[in-house]
Amino acid sequence: MNLPMQIKGIIFDLDGTLVESSLDFGLIRQQIGCPDGIDLLNYVDDLSCKVSQADAKQIILDHEYQDALSAKPIKGMTELINAIEAAKLPIAIVTRNSLAASALKVKQNNIAIDHVLTREDYPAKPAPDALLAIAAQWQIAPQDIIYVGDYLYDIQAANNAGMIACFINHGIDSTYQHLADIIINDLSQLQQLLVSHSHSD
């Protein structure tokens, strides 16, 4: 498996990609009354009663904050980020998480990435807006940027932005992983690809 030759930047998802997440989405759905098969954030945005919308948003924020307190780095995260920095590639995070929880996770896990966009910044994935905003800021064509994530929305966001979709499945095959351009089992695999990629330029 080889990387496309022109990678000039890397964007990561946060939960399940760089840090472990124990968010219980089933419980969150239950607490705010969101049916299965409907996007959680869209459901909350569409709640007509402002009181229930505020309550629902607070429930999600509380869950995210609790999750942030216990989040641990995923194996190989620090080494991979160091390797990307050594290769002088720009690096960013785009997450559906809240700013407060994301900032806490980045700080607590010593993630050396300053550029973090959350759902407060742009429409949430699978919308490509945040990814395209970073590409514009970096002045790099989207097809020269790789987006790494662990869920369907990550692949869709990358596809929608015209970026290279890299899916990390943690060794468990997924029914939708064929939609990604690159499939890895762990972060060290991506590091190996990047190292061989930088040597072959």
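FYI, it's all coordinate maths here, none of it is from the lab. Just so you know, these numbers come straight off a predicted model, no measurement behind them. Using ideal geometry, Cβ is built from the backbone for each residue, glycine included, and neighbour counts are taken over all protein chains shown.
A few comments on the model shown:
- Of the complete DSSP H runs in the chain, those spanning 15 angstrom or more by Cα along the long axis with a mean Kyte-Doolittle score not below -1.0 are 50-70, 187-200.
- Scaled radius of gyration (Cα, divided by 2.2 N^0.38 Å) that the chain gives: 1.02
- Set K75/K105; K8/K105; K8/K88; K72/K105 screened for pairs whose C-alpha atoms are more than 18 Å apart: K8/K105
- Distance (nanometres) between label positions extended 7 Å along Cα→Cβ at L27 and Q177: 2.8
- With a simple spin-label model that places each label point 7 Å from the Cα along the Cα-to-Cβ direction, the separation between T78 and A133 comes to 3.1 nm.
- In this structure, E85 and N169 have a Cβ-Cβ separation that, at R0 = 30 Å, corresponds to a calculated FRET efficiency of about 0.75.
- The chain: most fluctuating residue of F25, F12, F167 per GNM, C-alpha cutoff 10 Å: F25
- Looking at the chain alone, DSSP beta bridges between its own residues are antiparallel in about 5 percent of cases.
- Distance between the 7 Å Cα→Cβ label points at A141 and A103: 3.7 nm.
- Between S188 and S52, the FRET efficiency from the beta-carbon distance, with R0 = 35 Å, is close to 0.20.
- Residue-averaged [θ]222 nm for the chain, counting only DSSP H segments that reach four residues, each worth -39500 (n - 2.57): -13500 deg cm²/dmol
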